[in-house]
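Visitor: Here it is, the structure in full.
Quick note: the coordinates plus some simple rules give every number you see, no bench work behind them. Nothing here was measured: the structure is a model prediction, and the numbers come from that model. Using ideal geometry, Cβ is built from the backbone for each residue, glycine included, and neighbour counts are taken over all protein chains shown.
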Amino acid sequence: MNGTELGRRIREARLAKKLTQAEVVGDFITRNMLSQIESGTALPSVKTLQYLSKVLEVPMAQLMPEEEANADGAADYMQVREDFVAERFQKVAETPEIAGFTDELSAIRSKAYLELARQAKDGDLTSLQTAADYAKKAAQLSEKGMFANSSVRSEALLLLNSIASRLSDYYKNMATGEFEEAGL
């Protein structure tokens, strides 16, 4: 996203409403952050952009630079957030990339994959293997973008380690012919 153009549009919308920076920010963001956004030295999060859009009474698409104006993408991203909150983790995990929302989507998808891994870890052998795949994907996605989350990565790797241990025990028992004692 072109931060300079976005900042210019936000500033113009604010001035058109004859609002000071202090009047726009309220308790949501700091005046300093709004100043950085307007100068193009900082990019707002989607949530901040939604807030500014509401306060300035302009659609988000109007604030975003033309090459980035993706009203459908913003709507798609908001749907992903709603799906996550509604715990439709499989739907979130399967969401294709949305132009302009790569970082945000990676963060949400990493958490969705982690939840899917947690849910699958207590099943049969196939479920365990699926859980391992989900945990690995969660760890990979948690490292991407500006919303990288080391906590999600750590949780995913711990879960992956636990799943790998259970799978290892299963295969060891299988090799020794002790299927019943696998404990799965």
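Visitor: How much net charge surrounds MET146 when only other residues with a Cβ under 11 Å from its Cβ are counted (Lys, Arg +1; Asp, Glu -1)?
Guide: -1
Visitor: Only helical DSSP H runs with n ≥ 4 go in: add -39500 (n - 2.57) per run for the chain, normalise by residue count and round the 222 nm mean residue ellipticity to 500 deg cm²/dmol.
Guide: Helix-only estimate at 222 nm: -21500 deg cm²/dmol.
Visitor: Over the Cα atoms of the chain, what is the Rg over Rh ratio if Rh follows Kirkwood?
Guide: Reported Rg/Rh (Cα atoms, Kirkwood Rh): 1.17.
Visitor: With charges set only on the Cβ (+1 for Lys and Arg, -1 for Asp and Glu), what does the dipole of the stretch 26-153 come to about its Cα centre, in debye to the nearest 20?
Guide: 520 debye
Visitor: When only DSSP loop residues count, what trypsin sites (Lys or Arg not before Pro) in the stretch 83-174 have their Cβ near at most 15 other Cβ atoms within 10 Å?
Guide: ARG88
Visitor: Sticking with this structure for a sec: For the stretch 3-63, what is the Kirkwood estimate of the hydrodynamic radius, computed as the reciprocal of the mean inverse distance between distinct Cα atoms, to one decimal in Å?
Guide: Over the stretch 3-63, the inverse of the mean reciprocal pair distance is 11.0 Å.
Visitor: Filter the cross-link list LYS54/LYS111; LYS54/LYS137; LYS18/LYS47; LYS47/LYS136; LYS91/LYS136 down to pairs whose alpha-carbon distance in this structure exceeds 25 Å.
Guide: Flagged as over cut-off: LYS54/LYS111; LYS54/LYS137; LYS47/LYS136.
Visitor: Further, regarding this structure: About the Cα centre of the stretch 97-150, how large is the charge dipole given +1 on each Lys and Arg Cβ and -1 on each Asp and Glu Cβ? Please answer in debye to the nearest 20.
Guide: That gives a dipole near 80 debye.
Visitor: Now a separate question. Which of TYR171, TYR113 has the fewest other C-beta atoms within 10 Å, and how do the rest follow up to the most?
Guide: Lowest count first: TYR171, TYR113.
Visitor: Can you find, among LEU125, ILE29, PRO96, the residue sitting farthest towards the positive end of the charge dipole of the chain, where Lys and Arg contribute +1 and Asp and Glu -1 at Cβ?
Guide: ILE29
Visitor: Starting from the Cα of ALA148, step 7 Å along the direction of its Cβ; do the same at ALA16; then give the gap between the two resulting points in nm.
Guide: 3.8 nm
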